[in-house]
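Colleague: Submitted below is the structure of interest, expressed as C-alpha cells.
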Amino acid sequence: MDIRYAFRMLAKNPGFTAAAVACLALGIGATTAIFSVVYAVLLRPLPYSQPARLVRIFTEFPTFPNGGLRHFWVSPPEFLDLKRDLFSFEMVEAWANTGVNLAGAAEPVRATASYVSGGMLPMLGVAPILGRPLSPEDDRPGASLTAVLSYSLWQRAFGGEPDTVGRDIRLNGNPCHVIGVMPPGFAFPPGELDPPELWLPLQIDPNRPGGRGSHFLSLLGRLRAGMSQAQAQGEINRYVKHKGETTAQSQHPFDPKIHPVVLAGFQDEVVRTVRRAMLVLLGAVVFVLLIACVNVANLLLARSEARRKEIAVRAAIGAGLGRLLRQFVIEGILLSLAGAGFGVLLAFGGLRLLAATNAGSIPRAAEIAIDWQVLLFTLAVSMATGMAFGLAPVLHIKPSTLHDTLKAAAGRTTGAVGANRFRSVLVTAELSLALILLIGSGLMVKAFWKLQEVNAGFDPNHLLTMRLSLPTTAYRDAAAFGGFYQSLLARLNVLPGVVSASLANGLPPSRPINANDTAIENFVPVPNGPIQNIDYWNNVGARYFETMGARLLEGRLLNEGDGAQSTPVVVINQTMAKIYWPHESALGHRVRLDSPPDPWRMIVGVVADIKNAGIDRPTGTELYIPAAQVPVRTAYLVIRTQGDPMAIAGAVRGEIRSLDRALPISQLRSMEDVMSSARSRPRFLTLLLTLFSSVSLLLAALGIYGVISYSVAQRTSEIGIRMALGAQSLDVLRLVGITGLRLALAGILIGAVGALFLTRTLSGLLFGVSSIDAATFLGMAAMLFAVTLLACYIPARRASRVDPLIALRYE
C-alpha cells in the first residue's frame with residue numbers, strides 16, 4: 001500500500017519527480033562510471049591464479065643522483081641467483097618486452113613480444129584456448145623457437161584460423177613454431193600501454209648469462225603458501241647482506257646500501273602510478289553524489305512543507321512517526337531507484353567518453369566495464385541514498401506541531417523555522433562541497449595549462465614519426481643495417497613535401513631510461529656528486545637536430561661528415577654539460593661508451609634539452625651518437641614536412657617497401673599525436689574533475705535557487721505588505737538577496753577551509769602549481785559567488801515585481 005501510494009504521489013507531481021530523478025541520475029551515473037574505473041583498475045584481482053601471492057622483485061641503486069634508480073630491472077645472472085637461492089618463493093620467473101617482425105601471415109606485422117622464462121605462463125595459471133603454453137623445455141638454450149599468440153594477434157594476423165597452431169612462421173627472419181593461442185582478454189604483463197601480442201621463450205644460458213651489470217629483466221615470483229611478503233622481504237634482506245659481505249665489489253654484487261633487492265605486490269605495482277589519481281576521482285564523484293542527494297533532500301523538504309496538513313491528518317487518525325518515516329523512505333527509495341536506472345544509462349555513455357579521452361593511458365583500461373559487481377554497487381548506493389534523503393523531510397516534524405497545523409487556517413501555509421534552517425544548512429553544505437570540487441578542478445586545469453606550455457626542446461608541428469626494426473637474418477651486421485638506413489634517408493630527403501628526414505633510436509618526449517655506464521675523461525668523483533652514468537644514449541642520423549627543430553647552444557651539430565671513418569664525436573644536452581662541466585665549456589672533452597677498444601669520442605656540440613623522461617619530469621642527461629659511426633638496428637624515422645605529415649605517409653611507406661617489401665612499419669604517427677599521448681593521463685584527470693565540478697556547480701546553483709524561491713513563496717504576504725507601506729524594488733531585492741548571500745558566504749568559507757586540507761591529495765598530480773594556489777582559490781570562490789548571486793537574483797527579481805493588492809488578496 002505504501003508503494004502504491006508513493007507511486008501516486010510521485011505521478012501527481014511530475015515536475016518535482018523529474019527534477020529529483022534528474023539530480024539523482026547525474027550523481028548516481030557519475031558515481032557508477034567512476035566506480036567501474038576504480039574497481040577495474042584498483043580493486044578487481046588480477047586475472048591469474050591466486051594473484052595475491054604474486055610479487056614483483058626489483059633491484060635498486062639508491063646512491064645514484066636525483067634520488068637513485070628505484071624499482072629497477074634485474075640482470076640475467078642476478079635472476080638465476082635469486083631463482084636458485086630464495087626459499088620464500090615457489091617460483092621466480094623473468095620477462096623482457098621488445099618488438100619483433102612477424103612473417104608468415106598475410107603481410108609482415110610488427111608486434112610487441114614478451115620473452116618469458118619457461119615457468120612464467122604455467123605460474124599465471126591461464127590455459128590457452130588452443131594448443132599449450134610455453135614450458136621449461138621450450139626455454140632450454142638451443143631449443144627450437146616456439147611462440148604463443150594473443151587472441152588479438154591470432155585474429156589480426158592469421159584471421160583466427162584454427163590451423164595456426166602448429167604452423168611455422170618467421171620472427172625477425174628466424175623460424176618459429178606456433179604452439180598456442182591465449183584466450184581473449186589475457187594480458188601479460190598487465191597495464192602496459194603497448195601490451196605484448198605474443199610470448200616467446202627467454203632461453204638464458206646459465207653457462208653464459210651475460211654481465212651482472214646488464215639490467216633489462218623484470219621478475220615475478222609466487223610466494224610459498226603461508227609466506228607473507230614481509231617475511232620474503234626479510235629473507236631477501238639477509239641474502240643481500242650476505243652477498244654484499246662475501247662478494248668482491250668488482251663483481252657487481254647485491255648490497256644493502258648500493259644495490260638492494262626490494263619486493264612489491266604485483267597488483268600494487270601495476271597501478272602504482274595511477275592509484276592517487278583514481279582515489280581523487282572517486283572522492284570527487286562522491287562529492288557530486290552528496291550534492292545531488294542534498295538537492296533531492298531539499299526538494300523533499302519543500303514538498304513536505306506543502307504536505308504538512310496531510311501529515312497532520314494522518315497522524316490524527318493514528319499514524320505513528322515510524323509509519324510516516326516509512327512512507328517517506330519508500331518515496332525516497334523509489335526516486336533513487338528511478339535515478340539509478342537513468343544513471344546506469346549515463347554511466348554507459350560516460351565509459352564511452354572515458355575511452356574517447358584516451359583512458360588507455362590507465363593500466364587495465366581494457367577491463368573497465370559495468371558488470372554485476374558494479375550494478376550491485378549501484379543498487380547499494382541507490383538504496384542508501386534513498387533512505388538517507390528520504391528521512392530528511394520528517395526529521396524536523398514534532399508531534400506537538402501537528403495539532404497547530406490542523407488548527408491553521410485553510411489555504412494558509414507557513415514554513416517551520418526548523419525546516420528553513422535545515423534547508424539552509426543543506427544548501428551551505430552543497431555550496432562548500434561544490435567549492436572544493438571547483439578548486440580541485442581549477443588546480444588541475446592550471447597545472448595542465450602549464451604542462452601544455454612546457455618547452456619540449458623541439459618543434460612537434462609538421463613532423464611524422466614511425467618505427468622500423470631490421471631482422472638479423474637479412475641484416476647481419478652494422479654495415480648492412482647502416483647501409484639500409486643511409487639509402488632510405490637519401491630517398492626520403494628528396495620526396496616532394498619533405499623538408500628533411502633523419503632517424504633516432506629514442507623518441508622524445510618520454511622513453512625508458514638507459515642508465516648506461518659511460519667513461520668520462522679526467523672525471524673526479526666527489527661525495528654525493530655525479531657518477532659516470534648517463535641516463536640516455538641516442539644514436540641519431542645526420543640532420544636529426546635540424547629535423548626536430550632543436551636549438552644549438554655551443555659548438556656544432558652532427559652532420560653527414562660524421563661517418564664511420566671520421567673522428568668519433570658526440571653531442572650532449574645542456575643538462576649533461578651543466579652536471580659534468582658546470583664551470584667550463586664541455587667542448588673538447590671526451591667520453592667513451594664502452595671499455596677499450598671502443599674509442600674516446602670528442603664532444604663537439606651542446607644542444608638545448610629535449611625532453612626524454614616525460615613532459616612533466618626534469619630532463620635527464622643525454623648523449624647523442626652519430627648513427628653512421630654506431631649504427632642501430634631499430635630506429636624511429638623523423639620526417640619534417642611542408643604540410644600535413646600524414647599526407648606523405650603513403651609515399652614514405654612506398655619508399656620503404658621498395659627497399660624491403662617484407663619490412664613491417666609500426667607506430668606511424670604525427671609527433672603532435674605523440675605529444676598528445678604523453679599528456680593523456682593528466683588530460684584525462686583534468687577533464688573528469690572539470691566535468692564533475694561543473695555538474696556540482698550547476699546542482700549547487702539549483703539548490704540555492706530552490707531555497708530562495710521557496711523562501712520568496714513563503715514571504716509573499718510579507719513582501720506585499722512591505723511594498724504597500726512604501727518599500728521599493730531595490731529594497732525587496734536587498735531583502736531577498738541577503739538570505740542567499742549569507743548562505744553563499746558561509747558555503748565559501750567552509751569550502752575554502754575544506755579545500756586547504758583536501759587539495760593536498762592533489763599535490764603529486766599538479767605540475768608547476770601549489771595545492772594551495774591563492775589565485776585558484778580566489779578565482780573559484782568568485783565564480784561560485786557570482787553563480788550564487790545569479791541564482792538569488794532570479795527569485796528576488798520576481799519578488800520585487802509582486803503586486804501588493806494581488807499578494808494580499810491571495811492571502
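Colleague: Anything in segment 118-144 that is surrounded by fewer than 19 Cβ atoms within 10 Å (Cβ to Cβ) and under 28 Å from the mean Cα position of the chain (by Cα)? List them, or say none.
Modeller: The answer is VAL126, and nothing else.
Colleague: Going through segment 192-216 one residue at a time, which ones are farther than 21 Å from PHE79 by Cα and open to solvent by less than 30 Å² (accessible area, probe 1.4 Å)?
Modeller: Keep residues of segment 192-216 that are farther than 21 Å from PHE79 by Cα, which gives 192-198.
Scanning segment 192-216 gives PRO196, LEU198.
Colleague: Take ASP773 and tell me if it is in contact with a Lys or Arg (Cβ under 9 Å, 6 or more places away or on another chain), open to solvent by less than 40 Å² (accessible area, probe 1.4 Å) and more than 15 Å from PRO795 (Cβ to Cβ). Break it down into steps so the answer makes sense when it comes.
Modeller: Values: in contact with a Lys or Arg (Cβ under 9 Å, 6 or more places away or on another chain): yes; open to solvent by less than 40 Å² (accessible area, probe 1.4 Å): yes; more than 15 Å from PRO795 (Cβ to Cβ): yes.
Yes.
Colleague: Every residue in segment 337-375 that is touching a Leu at 6+ places or on another chain (Cβ under 6 Å) and either of a type in the set (A, V, I, L, M, F, W, C) or modelled with pLDDT of 80 or more (or both), please.
Modeller: Here is the first cut: in segment 337-375, the residues touching a Leu at 6+ places or on another chain (Cβ under 6 Å) are 339, 357.
GLY339, the sole residue that qualifies.
Colleague: Being in contact with a Gly (Cβ under 6 Å, 6 or more places away or on another chain) and closer than 30 Å to VAL591 by Cβ is the requirement here; does ALA608 meet it? Break it down stepwise before answering.
Modeller: On the way: in contact with a Gly (Cβ under 6 Å, 6 or more places away or on another chain): yes; closer than 30 Å to VAL591 by Cβ: yes.
For ALA608, the condition - in contact with a Gly (Cβ under 6 Å, 6 or more places away or on another chain) and closer than 30 Å to VAL591 by Cβ - is met.
Colleague: Follow-up question, since we're still on this one. Among all residue pairs at least 6 apart or on different chains, which show Cβ distances below 6 Å where the first residue, located in segment 166-180, is among the β-branched types (Val, Ile, Thr) and the second is part of a loop (DSSP other than H, G, I, E, B)?
Modeller: Note: pairs meeting the criteria are ILE169/GLY104; VAL178/VAL165; VAL178/ARG167; ILE179/ARG132.
Colleague: Looking only at segment 277-296, decide whether some residue is assigned to a loop (DSSP other than H, G, I, E, B), on the phi < 0 side of the Ramachandran plot and open to solvent by less than 30 Å² (accessible area, probe 1.4 Å).
Modeller: There is no residue in segment 277-296 that is assigned to a loop (DSSP other than H, G, I, E, B), on the phi < 0 side of the Ramachandran plot and open to solvent by less than 30 Å² (accessible area, probe 1.4 Å).
Colleague: For segment 18-33, check the following and say yes or no: at least one residue is within 24 Å of ARG681 (Cα to Cα), among the hydrophobic types (A, V, I, L, M, F, W, C) and modelled with pLDDT of 90 or more.
Modeller: The answer is no, given that none of the residues of segment 18-33 is within 24 Å of ARG681 (Cα to Cα), among the hydrophobic types (A, V, I, L, M, F, W, C) and modelled with pLDDT of 90 or more.
Colleague: Next question, about the same structure. I'd like the full set of residues that are without any contact (Cβ under 8 Å) to a residue 40 or more places away in the chain and hydrophobic (A, V, I, L, M, F, W, C), limited to segment 561-596.
Modeller: Hits for segment 561-596 are ALA577, TRP581, ALA586, LEU587.
Colleague: Something else about it: Looking only at segment 607-628, decide whether some residue is in a loop (DSSP other than H, G, I, E, B), open to solvent by less than 20 Å² (accessible area, probe 1.4 Å) and closer than 23 Å to GLN486 by Cβ.
Modeller: Here is the first cut: in segment 607-628, the residues in a loop (DSSP other than H, G, I, E, B) are 608-612, 614-621, 627-628.
Keeping just the survivors that are open to solvent by less than 20 Å² (accessible area, probe 1.4 Å) gives 608, 610, 612, 614-615, 620-621, 627.
Next cut, closer than 23 Å to GLN486 by Cβ only: 627.
Yes, segment 607-628 contains a residue that is in a loop (DSSP other than H, G, I, E, B), open to solvent by less than 20 Å² (accessible area, probe 1.4 Å) and closer than 23 Å to GLN486 by Cβ.
Colleague: Among the residues of segment 451-465, write down those that are under 18 Å from the mean Cα position of the chain (by Cα) and either open to solvent by 40 Å² or more (accessible area, probe 1.4 Å) or more than 18 Å from GLY764 (Cα to Cα) (or both). Break it down into steps so the answer makes sense when it comes.
Modeller: Going through segment 451-465, the residues under 18 Å from the mean Cα position of the chain (by Cα) turn out to be 451-452.
Correct list: GLN452 only.
Colleague: Then there's this: Kindly list the number of the only condition in (1) out of contact with any helix residue (DSSP H, G or I) (no Cβ under 9 Å at 6 or more places or on another chain); (2) assigned to a helix (DSSP H, G or I); (3) at pLDDT 90 or above; (4) not small (Gly, Ala, Ser) that fails for VAL445.
Modeller: Looking at each condition in turn, VAL445 falls short on (1).
Colleague: So, one more: How do the pairs read when you match residues in segment 252-269 that are within 21 Å of VAL55 (Cα to Cα) and without any contact (Cβ under 8 Å) to a residue 12 or more places away in the chain with residues anywhere that are outside any helix (DSSP H, G or I) and open to solvent by 10 Å² or more (accessible area, probe 1.4 Å), using Cβ under 8 Å and keeping only pairs 6 or more apart or on different chains?
Modeller: none
Colleague: Could you identify the single residue in ARG683, ARG722, ARG734, ARG715 that is more than 30 Å from ALA796 (Cβ to Cβ), modelled with pLDDT under 95 and open to solvent by 60 Å² or more (accessible area, probe 1.4 Å)? Write out each step before concluding.
Modeller: Working: ARG722 fails: more than 30 Å from ALA796 (Cβ to Cβ); ARG734 fails: more than 30 Å from ALA796 (Cβ to Cβ); ARG715 fails: more than 30 Å from ALA796 (Cβ to Cβ).
Only one candidate qualifies: ARG683.
Yes/no per residue for (1) open to solvent by less than 40 Å² (accessible area, probe 1.4 Å); (2) within 23 Å of ALA586 (Cβ to Cβ):
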position: ALA474; (1), (2): no, no
position: GLY482; (1), (2): yes, no
position: TYR485; (1), (2): yes, no
position: ALA490; (1), (2): no, no
position: VAL499; (1), (2): no, no
position: LEU507; (1), (2): yes, no
position: PRO512; (1), (2): no, no
position: ALA515; (1), (2): yes, yes
position: ALA519; (1), (2): yes, yes
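Colleague: Just to verify a result, which residue in segment 82-112, among those that are charged (D, E, K, R) and open to solvent by 20 Å² or more (accessible area, probe 1.4 Å), is nearest to GLY166 (Cα to Cα)? Talk me through it step by step, then tell me what you get.
Modeller: Looking only at segment 82-112, we keep the residues that are charged (D, E, K, R), and these are 83-85, 90, 93, 107, 110.
Within this subset, residues satisfying the condition of being open to solvent by 20 Å² or more (accessible area, probe 1.4 Å) are 83-85, 90, 107, 110.
Values: LYS83: 31, ARG84: 33, ASP85: 37, GLU90: 31, GLU107: 19, ARG110: 21 Å.
The residue in question is GLU107.
Conditions tested, residue by residue: (1) of a type in the set (Lys, Arg); (2) at pLDDT 95 or above; (3) on the phi > 0 side of the Ramachandran plot.
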site: VAL148; (1), (2), (3): no, yes, no
site: TYR151; (1), (2), (3): no, yes, no
site: GLY159; (1), (2), (3): no, no, yes
site: ARG170; (1), (2), (3): yes, no, no
site: VAL178; (1), (2), (3): no, yes, no
site: PRO184; (1), (2), (3): no, no, no
site: ALA187; (1), (2), (3): no, no, no
site: ASP194; (1), (2), (3): no, no, no
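Colleague: Across segment 309-325, what is the total count of residues that are surrounded by fewer than 16 Cβ atoms within 10 Å (Cβ to Cβ) and in contact (Cβ under 8 Å) with a residue 60 or more places away in the chain? Before you say what the answer is, go through the steps one by one.
Modeller: Taking segment 309-325 as the starting set, the residues that turn out to be surrounded by fewer than 16 Cβ atoms within 10 Å (Cβ to Cβ) are 309-310, 313, 316-323.
Imposing the further condition that a residue be in contact (Cβ under 8 Å) with a residue 60 or more places away in the chain reduces the set to 309, 313, 316, 321.
Adding up the residues that qualify gives 4.
Colleague: Test each condition in (1) closer than 28 Å to PHE158 by Cβ; (2) open to solvent by less than 10 Å² (accessible area, probe 1.4 Å); (3) at pLDDT 95 or above for TYR115 and report the one that comes out false.
Modeller: (2)
Quick grid of which residues meet (1) out of contact with any Ser or Thr (no Cβ under 8 Å at 6 or more places or on another chain); (2) over 21 Å from LEU668 (Cβ atoms):
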position	(1), (2)
LEU86	yes, yes
TRP95	no, yes
ARG110	no, no
GLY118	no, yes
ASP139	no, yes
SER152	yes, no
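Colleague: Among the listed residues SER729, SER717, SER711, which satisfies the condition of being farther than 26 Å from LEU438 by Cα and under 47 Å from the mean Cα position of the chain (by Cα)? Walk me through how you get there before you give the answer.
Modeller: Numbers: SER729 fails: under 47 Å from the mean Cα position of the chain (by Cα); SER717 fails: under 47 Å from the mean Cα position of the chain (by Cα).
None of the other options fit; the residue is SER711.
Colleague: To continue, here is another question. Among the residues in segment 576-583, are any over 28 Å from LEU470 (Cα atoms), open to solvent by less than 40 Å² (accessible area, probe 1.4 Å), in a loop (DSSP other than H, G, I, E, B) and of a type in the set (Ser, Thr, Tyr)?
Modeller: Step one: filter segment 576-583 for residues over 28 Å from LEU470 (Cα atoms), giving 576-583.
Subsequent filtering for residues that are open to solvent by less than 40 Å² (accessible area, probe 1.4 Å) retains 576-577, 580-581.
Filter once more, keeping what is in a loop (DSSP other than H, G, I, E, B): 581.
Checking the rest, the ones that are also of a type in the set (Ser, Thr, Tyr) come to none.
Checked against the condition, which is being over 28 Å from LEU470 (Cα atoms), open to solvent by less than 40 Å² (accessible area, probe 1.4 Å), in a loop (DSSP other than H, G, I, E, B) and of a type in the set (Ser, Thr, Tyr), segment 576-583 yields no hits at all.
Colleague: If we only count helices (runs of 4 or more DSSP H) wholly inside segment 641-732, which ones have 3 or more residues that are of a type in the set (Asp, Glu), without any contact (Cβ under 8 Å) to a residue 60 or more places away in the chain and within 29 Å of LEU745 (Cα to Cα)? Working first, answer last.
Modeller: On the way: elements: 649-659, 671-678, 680-714, 716-724.
By residue number, no helices (runs of 4 or more DSSP H) qualify.
Colleague: Looking at segment 218-233, is at least one residue out of contact with any helix residue (DSSP H, G or I) (no Cβ under 7 Å at 6 or more places or on another chain), under 22 Å from ALA96 (Cα atoms) and touching a residue at least 24 places away in the same chain (Cβ under 8 Å)?
Modeller: Going through segment 218-233, the residues out of contact with any helix residue (DSSP H, G or I) (no Cβ under 7 Å at 6 or more places or on another chain) turn out to be 218, 221, 224-233.
After this cut, where a residue has to be under 22 Å from ALA96 (Cα atoms) as well, the list is 218, 221.
Then drop every residue that is not touching a residue at least 24 places away in the same chain (Cβ under 8 Å), which leaves 218, 221.
Within segment 218-233, one or more residues are out of contact with any helix residue (DSSP H, G or I) (no Cβ under 7 Å at 6 or more places or on another chain), under 22 Å from ALA96 (Cα atoms) and touching a residue at least 24 places away in the same chain (Cβ under 8 Å).
Colleague: Kindly check whether there is at least one residue in segment 465-477 that is closer than 23 Å to ILE615 by Cβ and out of contact with any Phe, Trp or Tyr (no Cβ under 6 Å at 6 or more places or on another chain). Steps first, answer last, please.
Modeller: Looking only at segment 465-477, we keep the residues that are closer than 23 Å to ILE615 by Cβ, and these are 465-467.
From the residues that got through so far, the ones that are out of contact with any Phe, Trp or Tyr (no Cβ under 6 Å at 6 or more places or on another chain) too are 466.
Yes: one or more hits.
Colleague: If you scan segment 239-276, which residues turn out to be small (Gly, Ala, Ser) and part of a helix (DSSP H, G or I)?
Modeller: Quick first cut of segment 239-276, residues small (Gly, Ala, Ser) only: 244, 248, 250, 264-265.
Once the filter is applied, which keeps residues that are small (Gly, Ala, Ser) and part of a helix (DSSP H, G or I), segment 239-276 yields GLY244, SER250.
Colleague: Being surrounded by fewer than 21 Cβ atoms within 10 Å (Cβ to Cβ), of a type in the set (S, T, N, Q) and not in a loop (DSSP other than H, G, I, E, B), is that true of even one residue in segment 556-567?
Modeller: First pass over segment 556-567, keeping only residues surrounded by fewer than 21 Cβ atoms within 10 Å (Cβ to Cβ): 556-557, 559-561, 563-567.
Applying the additional criterion that residues be of a type in the set (S, T, N, Q) yields 559, 565-567.
Cutting the leftovers down to not in a loop (DSSP other than H, G, I, E, B) gives us none.
No, the conditions are met nowhere in segment 556-567.
The values are calculated or read from the model by the stated rules, or taken from the named source; none is laboratory data. Values in this document were obtained by computation on a predicted structure and should not be read as measured data. Here the Cβ is made from the backbone with ideal geometry for all residues, glycine too, and neighbour counts use every protein chain on show. Quick note on the areas: whole protein, heavy atoms, side chains included, nothing else; ligands and nucleic acids left out. Shrake-Rupley method; radii C 1.70, N 1.55, O 1.52, S 1.80 Å.
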